[in-house]
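Student: Quick one: the structure is below, and I'll ask about it shortly.
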Amino acid sequence: MKVALLDELRAKNPIVFNVSNFVTVQDVANGINAIGASPIMSEEVAEADEMVGLAGAVCLNLGAVTSTQITQIRAVGQSANRQHRPLVIDPVAVGAVKYRMQMATGLLNDFHPDVIRGNAGEIAALAGVDWQAKGIDAGEGAGDIEAIAKACAQKLACVVILSGPTDVITDGTQAVKVKNGTSLFQVHVGSGDMLSSIVAAFCAVTDDYYEAAQTACLVFAATGQLVHDATPNLGAGTFIMKLLDALQTTTVADIEGIADFE
Ligand SMILES: Nc1ncnc2c1ncn2[C@@H]1O[C@H](COP(=O)(O)OP(=O)(O)O)[C@@H](O)[C@H]1O
Ligand SMILES: Cc1ncsc1CCOP(=O)(O)O
Ligand SMILES: [Mg+2]
């Protein structure tokens with residue numbers, strides 16, 4: 001685990017190109033900015049190649065995609081592969097909506113992601129494992145989350161992050177579990193989307209996307225935990241404000257001080 005990547009990210013201030021969903025786009029932009037990278041968003045297919053070209057990494061969020069937008073998302077994904085930019089996919093609710101699963105499967109045939117970040121319901125669905133996803137949330141399942149994440153990573157030949165109370169990060173063979181976090185993440189819609197885009201930001205500063213994924217999960221979850229620990233009885237509204245503040249100021253030493261992973 002290379003927590004010092006956080007300092008490299010802040011020094012390099014990489015551009016992260018996001019195709020976001022309309023629900024959480026502001027949180028995603030502000031989260032990237034606060035941690036020390038530079039967000040840019042677009043829904044226009046005509047500028048796909050240029051946007052990818054100026055970015056250090058690309059994050060495609062499939063949270064609220066229209067038929068028209070699929071063309072742009074495909075073009076961006078293919079351009080990222082062509083221009084060798086790290087590509088992160090957030091497959092929102094593929095475990096809950098059959099249409100989304102078909103759409104995501106189709107897109108994953110058209111381009112190759114470097115990292116997929118989803119909750120247990122989403123990663124289980126992509127792995128073909130039985131799980132009762134609940135809308136955008138993980139839902140309920142009995143399977144072993146490390147085995148599910150590894151199955152997904154092997155099937156799709158990429159790094160997989162299965163996030164939740166414990167985050168599992170795997171390259172299909174090895175796995176790391178990050179146990180930091182706070183249940184307050186669950187009362188803020190967009191926590192997962194923020195994490196996916198922050199994973200992309202870390203992928204922009206190293207060629208080792210497995211390591212980038214681990215560091216992103218630790219930094220994000222531990223920052224949330226520090227916010228929780230600093231203020232008792234935080235509510236959903238105050239949490240996101242304090243989380244953004246903390247993403248801006250939390251140091252490598254702060255993270256290392258509470259890091260809990262194996
Ligand atoms: N119960 C929990 N306790 C601690 N951290 C959590 C909990 N649930 C989610 N997280 C954290 O919230 C962030 C978003 O993950 P998750 O909730 O799984 O995504 P999504 O919003 O896509 O469902 C991750 O950093 C994860 O570690
Ligand atoms: C509510 C909602 N509906 C479609 S996308 C979206 C946001 C999902 O955000 P997250 O997965 O980060 O909780
Ligand atoms: Mg999500």
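The values are calculated or read from the model by the stated rules, or taken from the named source; none is laboratory data. The structure presented is a predicted model; accordingly, all values stated were derived computationally and were not measured. With ideal geometry, Cβ positions are generated from the backbone for all residues, glycine too; neighbour counts draw on all protein chains shown. These area figures cover heavy atoms from the full protein model, side chains too; ligands, DNA and RNA do not enter into them. Shrake-Rupley method; radii C 1.70, N 1.55, O 1.52, S 1.80 Å.
Student: Could you grab me the full set of residues in the range 61-77 that are away from ligand 3 (no atom under 13 Å from the Cβ) and of a type in the set (A, V, I, L, M)?
Tutor: Once the filter is applied, which keeps residues that are away from ligand 3 (no atom under 13 Å from the Cβ) and of a type in the set (A, V, I, L, M), the range 61-77 yields VAL65, ILE70, ILE73, ALA75, VAL76.
Student: Another question about this same structure. Looking at ASP207, ASP171, ASP193, which one is surrounded by fewer than 24 Cβ atoms within 10 Å (Cβ to Cβ) and in contact (Cβ under 8 Å) with a residue 12 or more places away in the chain?
Tutor: On inspection, the qualifying residue turns out to be ASP171.
Student: Something else now. Quick check on this structure: which one of ALA142, ALA133, ALA157, ALA151 is surrounded by 21 or more Cβ atoms within 10 Å (Cβ to Cβ) and over 18 Å from LEU195 (Cβ atoms)? Walk me through it before giving the result.
Tutor: Details: ALA142 fails: surrounded by 21 or more Cβ atoms within 10 Å (Cβ to Cβ); ALA133 fails: over 18 Å from LEU195 (Cβ atoms); ALA157 fails: surrounded by 21 or more Cβ atoms within 10 Å (Cβ to Cβ).
Just one listed residue meets the conditions, ALA151.
Student: For residues in the range 168-195 being more than 23 Å from LEU234 (Cβ to Cβ) and not in a strand (DSSP E or B), which is nearest to the chain's Cα centre (by Cα)?
Tutor: Initial filter on the range 168-195 (more than 23 Å from LEU234 (Cβ to Cβ)): 168-177.
Right, trim to not in a strand (DSSP E or B) and you get 171-174.
On the way: ASP171: 15, GLY172: 17, THR173: 20, GLN174: 19 Å.
The qualifying residue nearest to the chain's Cα centre (by Cα) is ASP171.
Student: Continuing with the same structure: Being open to solvent by 10 Å² or more (accessible area, probe 1.4 Å), in a loop (DSSP other than H, G, I, E, B) and under 20 Å from ASN13 (Cα atoms) is the requirement here; does HIS112 meet it?
Tutor: no
Student: If you go through the range 221-234 one residue at a time, do you hit one that is more than 16 Å from ligand 2 (Cβ to nearest atom), more than 24 Å from SER38 (Cα to Cα), touching a residue at least 12 places away in the same chain (Cβ under 8 Å) and not in a helix (DSSP H, G or I)?
Tutor: Within the range 221-234, one or more residues are more than 16 Å from ligand 2 (Cβ to nearest atom), more than 24 Å from SER38 (Cα to Cα), touching a residue at least 12 places away in the same chain (Cβ under 8 Å) and not in a helix (DSSP H, G or I).
Student: Write out, first by first residue and then by second, each pair whose Cβ atoms fall under 7 Å of each other, whose residues are 6+ apart or on separate chains, and whose first residue, in the range 118-146, is touching a residue at least 24 places away in the same chain (Cβ under 8 Å) and of a type in the set (Asp, Glu) while the second is more than 12 Å from ligand 3 (Cβ to nearest atom) and not in a loop (DSSP other than H, G, I, E, B).
Tutor: Within 7 Å, the pairs are GLU146/VAL168; GLU146/ALA175.
Student: Please find, within the range 87-122, the residue that is farthest from ligand 2 (Cβ to nearest atom) out of those that are within 12 Å of the chain's Cα centre (by Cα) and of a type in the set (A, V, I, L, M, F, W, C).
Tutor: Per the stated criteria, the residue is LEU87.
Student: Let me ask you something else. Just to be sure, is LEU184 within 13 Å of ligand 1 (Cβ to nearest atom), open to solvent by less than 40 Å² (accessible area, probe 1.4 Å) and either out of contact with any strand residue (DSSP E or B) (no Cβ under 9 Å at 6 or more places or on another chain) or modelled with pLDDT under 95 (or both)?
Tutor: yes
Student: Let me ask you something else. Does the range 83-100 hold any residues that are within 16 Å of ligand 3 (Cβ to nearest atom) and either buried (at least 18 other Cβ atoms within 10 Å of the Cβ) or small (Gly, Ala, Ser) (or both), and which are they?
Tutor: VAL88, ILE89, ASP90, PRO91, VAL92, ALA93, VAL94, GLY95, ALA96, ARG100, listed by residue number.
Student: Still on this structure, I have one more. Restricting attention to the range 196-220, and to residues there that are hydroxyl-bearing (Ser, Thr, Tyr) and away from ligand 2 (no atom under 13 Å from the Cβ), which single residue is farthest from the chain's Cα centre (by Cα)?
Tutor: Across the range 196-220, the extreme among qualifying residues is THR206.
Student: On the basis of being polar (S, T, N, Q), within 16 Å of the chain's Cα centre (by Cα) and open to solvent by 30 Å² or more (accessible area, probe 1.4 Å), does GLN26 make the cut?
Tutor: Yes: the conditions hold for GLN26.
Student: Under 8 Å by Cβ, and 6 or more places apart or on different chains, what pairs join a residue from the range 1-19 that is at pLDDT below 95 with one that is of a type in the set (Asp, Glu)?
Tutor: MET1/GLU211
Student: Also: Which is away from ligand 3 (no atom under 15 Å from the Cβ), over 24 Å from GLU44 (Cβ atoms) and open to solvent by less than 50 Å² (accessible area, probe 1.4 Å), of ALA127, ALA80?
Tutor: Selected residue: ALA127, the only one of ALA127, ALA80 that is away from ligand 3 (no atom under 15 Å from the Cβ), over 24 Å from GLU44 (Cβ atoms) and open to solvent by less than 50 Å² (accessible area, probe 1.4 Å).
Student: ALA34: within 16 Å of PRO14 (Cα to Cα) and either within 16 Å of ligand 1 (Cβ to nearest atom) or of a type in the set (Asp, Glu) (or both), yes or no?
Tutor: yes
Student: Keeping to the range 64-77, report how many residues are in contact with a helix residue (DSSP H, G or I) (Cβ under 8 Å, 6 or more places away or on another chain) and either buried (at least 22 other Cβ atoms within 10 Å of the Cβ) or among the β-branched types (Val, Ile, Thr) (or both).
Tutor: Here is the first cut: in the range 64-77, the ones in contact with a helix residue (DSSP H, G or I) (Cβ under 8 Å, 6 or more places away or on another chain) are 65, 70-77.
With the extra rule that they be either buried (at least 22 other Cβ atoms within 10 Å of the Cβ) or among the β-branched types (Val, Ile, Thr) (or both), the set shrinks to 65, 70-71, 73, 76-77.
Within the range 64-77, residues that are in contact with a helix residue (DSSP H, G or I) (Cβ under 8 Å, 6 or more places away or on another chain) and either buried (at least 22 other Cβ atoms within 10 Å of the Cβ) or among the β-branched types (Val, Ile, Thr) (or both) number 6.
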